[in-house]
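Visitor: Take a look at this one; I'll ask things after.
The values are calculated or read from the model by the stated rules, or taken from the named source; none is laboratory data. These numbers were taken from a predicted model, which means no experiment stands behind them. All Cβ positions, even for glycine, are placed from backbone atoms using ideal geometry, and neighbour counts span all protein chains on display. Heavy atoms of the whole protein, side chains included, go into the accessibility calculation; ligands, DNA and RNA do not. Shrake-Rupley method; radii C 1.70, N 1.55, O 1.52, S 1.80 Å.
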Amino acid sequence: LGSAHRRRWKICWSLMMTKYTISRSFDSSVDRTPRVLEIAEGFGLGLTDKKFVIYDNLEIEVEPGDVVYITGQSGSGKSLLLNDLVAKMREDGLDVTDLNEIKLDNQPVIELVGSNTTEATDLLAKAGISDAWIYIRKPNELSDGQRYRLKLAKVMETDASVWVADEFGAVLDRETAKVVAYNMAKVARRMGKTLIVATTHTDLKDELGPNLMITKRFRERVDVEKSE
């Protein structure tokens, strides 16, 4: 591509960027039962109602084809952020495939993905399934990790413009999770899909090569790292 063409392409691409603003908070109150009052008195706890802010006008810019990596401690609000992003994207008319919404028919695995055997084995391999014995088994005969990888293969075969996976790789051993992460990011980029994953694990950065890394800290603190 010539430099002028590249500049025009970059400008057109930037115009497709979408900014999402996320705000989330909740009010907390405590039932003042006799045991609660006893604990509060014993440990010096205050029982006034409190408002907890999780996200305070957090602005996130996502371009088509971005890989977005959301991480942080368990209970910090990663899933809330992911769910809010999905809701806003769907409101904008984007087609989103959510791994948690994938349903598996009780047929042999090889029948559940792809339009033919070759396409099926290719998709399954990208999801970390290369065992012929697994190909001929049904989902209810698989382990949690195997079913998870099968769902990832089904995500990768969709025409949706956005792929989403909460608790990404949580049921996989770390080496398998890294291989799957690398493969998914590679396929997503090649196909121009936006990939958004959320996980407590922080060891997938090299494999995902995220365009946007969001790290949820304590309360409303969030670190956003964007790469070129």
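Visitor: Read through the labelled values (i) 30, 23, 18; (ii) 36, 27, 15; (iii) 24, 22, 20 and report the label of the one computed as semi-axes √(5λ) of the Cα gyration tensor in Å from the structure.
Guide: Computed from the coordinates, semi-axes √(5λ) of the Cα gyration tensor in Å corresponds to (ii).
Visitor: Can you tell me the 0 to 90 degree angle between the C-alpha axis of helix 174-191 and the longest principal axis of the chain, rounded to 10?
Guide: 60
Visitor: Further question: Could you work out how far helix 34-43 tilts from the main Cα principal axis of the chain, as a 0 to 90 degree angle to the nearest 10?
Guide: 90
Visitor: Can you tell me the FRET efficiency between D173 and K138 if r is taken as the Cβ-Cβ distance and R0 is 25 Å, rounded to the nearest 0.05?
Guide: E between D173 and K138, to the nearest 0.05, is 0.60.
Visitor: Sticking with this structure for a sec: Please pull out the direction-averaged projected area of the range 81-158, using the convex hull of its alpha-carbon atoms, in nm² to one decimal place.
Guide: Over every viewing direction, the Cα hull of the range 81-158 projects on average to 5.6 nm².
Visitor: Provide the per residue accessible area, probe 1.4 Å, for the chain, rounded to a whole number of square angstrom.
Guide: That works out to 57 Å² for each residue.
Visitor: Here's a follow-up. How high is the relative contact order of the chain, in percent, counting Cα pairs under 8 Å that sit 6 or more residues apart?
Guide: 27
Visitor: On to the next question. T202 to K19: extension gain in nm, 0.36 nm per residue of separation minus the Cα-Cα distance?
Guide: Full extension of this stretch gives 63.4 nm more.
Visitor: Here's another thing I want to ask about it. How high is the relative contact order of the range 62-187, in percent, counting Cα pairs under 8 Å that sit 6 or more residues apart?
Guide: Reported relative contact order: 30 percent.
Visitor: If I fit a long axis through the Cα atoms of helix 3-15 and take the longest principal axis of the Cα atoms of the chain, what angle between them do I get, 0 to 90°, rounded to 10?
Guide: For helix 3-15, the angle is close to 40 degrees.
Visitor: Between the range 17-76 and the range 128-200, what is the separation of their alpha carbon centroids in Å?
Guide: First find each Cα centre; the distance between them is then 29 Å.
Visitor: Also, I was wondering about something else. Which order, highest average first, do 32-41, 195-204 follow once you tally other Cβ atoms within 10 Å for each residue and take the mean per peptide?
Guide: Ranking, from highest mean packing down: 195-204, 32-41.
Visitor: Could you check what % of the DSSP bridge pairs in the chain are antiparallel, to the nearest 5?
Guide: Percent antiparallel among DSSP bridges in the chain is about 45.
Visitor: Ranked highest first by average number of other Cβ atoms within 10 Å, how do 66-76, 171-181 line up?
Guide: Ranking the peptides 66-76, 171-181 by packing returns 66-76, 171-181.
Visitor: Turning to a different aspect of this structure: Which residue, G46, M213, I134, has the largest displacement toward the positive end of the dipole of the chain when charges sit on each Cβ (Lys, Arg +1; Asp, Glu -1)?
Guide: Value computed over the given set: M213.
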